[in-house]
Amino acid sequence: MNVDLPPNSPLLDRCPEALPARAYYDADWCTRECAAIWARQWVYAGRHDQQPINTLRRIEIAGQSVVLARGGDGMLRAFHNTCRHRGAALCQAEQEAYNGKLIKCPYHAWAYDAAGRLVSTGYATPTADFDKSAHGLFPVHLKLWNGFVFLCLADTPPDFTPDIGLDALDNWPMANLVVGHVLEKDMACNWKVFWENYNECLHCPGIHPELSDLVPVYRSGIMSAEERARVAAGETAQPALKPGARSWTQTGAACGPEFPDLTEEERQRGHTFVTLYPTMYIVGHVDYVRAVTLTPLGPETTRLRAEWLFAPKTLAQPGFDLEGVTRFANTVLMQDGAACEMNQRGLHCSKFNAGRLMPQEFAIYDFHQWVREQMERA
Ligand code: FES
Ligand code: FE
């Protein structure tokens, strides 16, 4: 196969080494990565409307427990899940009710207001020199974007930068969409293996026959090299669905009313991918949105969670076949998951030190550069 690479491709005249094999299974590497990447970057923590008012939710990020409080005012706030008295966990369950005003420690009843300020030391009477204002909850940075909640453990969070811009999903009524279907699978692979697979389409003809039919350029095993050139030129660059197809469904037909504010180009293309390393990618279709999230559970285990978001009126259509609508992307994700596990199984070979990237794998090269930069910065 002969692929025209854009003139600025870093892979024009060499096939560089991929990350070392141990990056995919070594416990020390995993610990360093956790501190350098997962504890520093914005991490997806669920849809805003999935957490009811007056509840606390417990979330694990980079080995840290975080409590997400949605108070009576509807606002979400995030804190480390640790009481300042003697360090008890404030929220025990995945989700629990509270009065919406005070977060009360279940151990000795210290209580914190919505902003995390210590307002009561419960049964204990502190001495006169005890400074309540210095014993508030440890805050965690929170960002709400298009109804998606992101958390960042870093003291100074990095800019929030989706790869194709903050306005990439502006034409989708994102804040009004609701989760209609969820797929969750623990994959036996390192989280980077999934992103590498996401970043190339050399596997598409062999692994994804249905998807290669829907997106003709994938049949040739590339995500489109000119795609990258057009990205460099500041143009939109994602390949279109086959003629007549509107969305990622079994038949290619839209599963409900198309979102009214999409541009003609967004409709014609049929899918708009937005990537937020390391935590998720979001795909906007003309009729629904899919959000795919990764959570590393260990060096060789990664939780994959995909949420299908619909307009309420789409879900309310009489006889709406949710299973039929979600089957197509479900199949593609399962194919990718199986491919990632296959990749992981071969990485322990004592002779295999590192893979080699082919010219078509320019996006993996970029991803590896991003990983290396994060590690070096830390
Ligand atoms: Fe929380 Fe004592 S540890 S009140
Ligand atoms: Fe794939």
Practice item. Report yes if some residue within segment 122-140 is within 15 Å of ligand 1 (Cβ to nearest atom), closer than 18 Å to Thr55 by Cβ and either in contact with a strand residue (DSSP E or B) (Cβ under 9 Å, 6 or more places away or on another chain) or at pLDDT 95 or above (or both); otherwise report no. Key: yes
Exercise for review: Starting from segment 96-110, take each residue that is under 14 Å from Ala78 (Cα atoms) and list its partners that are among the acidic types (Asp, Glu) and surrounded by fewer than 14 Cβ atoms within 10 Å (Cβ to Cβ), counting only C-beta distances under 9 angstrom and pairs at least six apart or across chains.
Suggested key: Gly100/Asp73
Check your understanding: Looking at segment 240-259, which of its residues are under 21 Å from Ala316 (Cβ atoms) and without any contact (Cβ under 8 Å) to a residue 24 or more places away in the chain?
Key -> Thr251, Ala253
Check your understanding: Of all residues in segment 300-312 being over 13 Å from the mean Cα position of the chain (by Cα) and within 11 Å of Ala188 (Cβ to Cβ), which is surrounded by the fewest Cβ atoms within 10 Å (Cβ to Cβ)?
Key -> Thr301
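Residues checked against (1) surrounded by fewer than 12 Cβ atoms within 10 Å (Cβ to Cβ); (2) among the polar types (S, T, N, Q); (3) within 21 Å of Thr249 (Cα to Cα):
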{"site": "Phe320", "(1), (2), (3)": "no, no, yes"}
{"site": "Thr326", "(1), (2), (3)": "no, yes, yes"}
{"site": "Val332", "(1), (2), (3)": "no, no, yes"}
{"site": "Cys340", "(1), (2), (3)": "no, no, no"}
{"site": "Asp366", "(1), (2), (3)": "no, no, no"}
{"site": "Val371", "(1), (2), (3)": "no, no, no"}
Study note, to complete from the structure: Log entry, pairs with first residue in segment 16-28 being assigned to a strand (DSSP E or B), second being of a type in the set (Gly, Ala, Ser), beta carbons closer than 7 Å, six or more apart or on different chains, reads Glu17/Ala354; Ala18/Ala354; Ala18/Gly355; Leu19/Ala354; Pro20/Ala354
Revision key, fill the gap. For helices (runs of 4 or more DSSP H) lying entirely in segment 242-359, having 2 or more residues that are modelled with pLDDT under 95 picks out 264-269, 322-346
Review point. Would you call Leu118 more than 16 Å from ligand 1 (Cβ to nearest atom) and either crowded, with 16+ Cβ neighbours inside 10 Å or under 18 Å from the mean Cα position of the chain (by Cα) (or both)?
Key: no
Point to revise | Residue list for segment 360-375, filter: charged (D, E, K, R) and at pLDDT 95 or above | key: Arg372, Glu373
Exercise for review: Kindly provide the set of residues from segment 337-355 that are among the polar types (S, T, N, Q) and within 16 Å of ligand 2 (Cβ to nearest atom), ordered by number.
Suggested key: Asn343, Gln344
Review point. Does Leu153 satisfy the criteria of being within 16 Å of ligand 2 (Cβ to nearest atom), in contact with a helix residue (DSSP H, G or I) (Cβ under 9 Å, 6 or more places away or on another chain) and closer than 30 Å to Tyr25 by Cα?
Key: no
**Study point:** Segments classed as helices (runs of 4 or more DSSP H), wholly inside segment 173-222, with at least 1 members that are modelled with pLDDT of 95 or more, within 15 Å of ligand 2 (Cβ to nearest atom) and β-branched (Val, Ile, Thr)
**Key:** 191-198, 204-207
Practice item. Name every residue in segment 29-51 that is of a type in the set (D, E, K, R), part of a helix (DSSP H, G or I) and surrounded by 19 or more Cβ atoms within 10 Å (Cβ to Cβ), in order of residue number. Key: Glu33
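The values are calculated or read from the model by the stated rules, or taken from the named source; none is laboratory data. What you are looking at is a predicted structure, and each value in this text was computed from that prediction instead of being measured. So basically every Cβ, Gly included, is an ideal-geometry build from the backbone, and we count neighbours across all protein chains shown.
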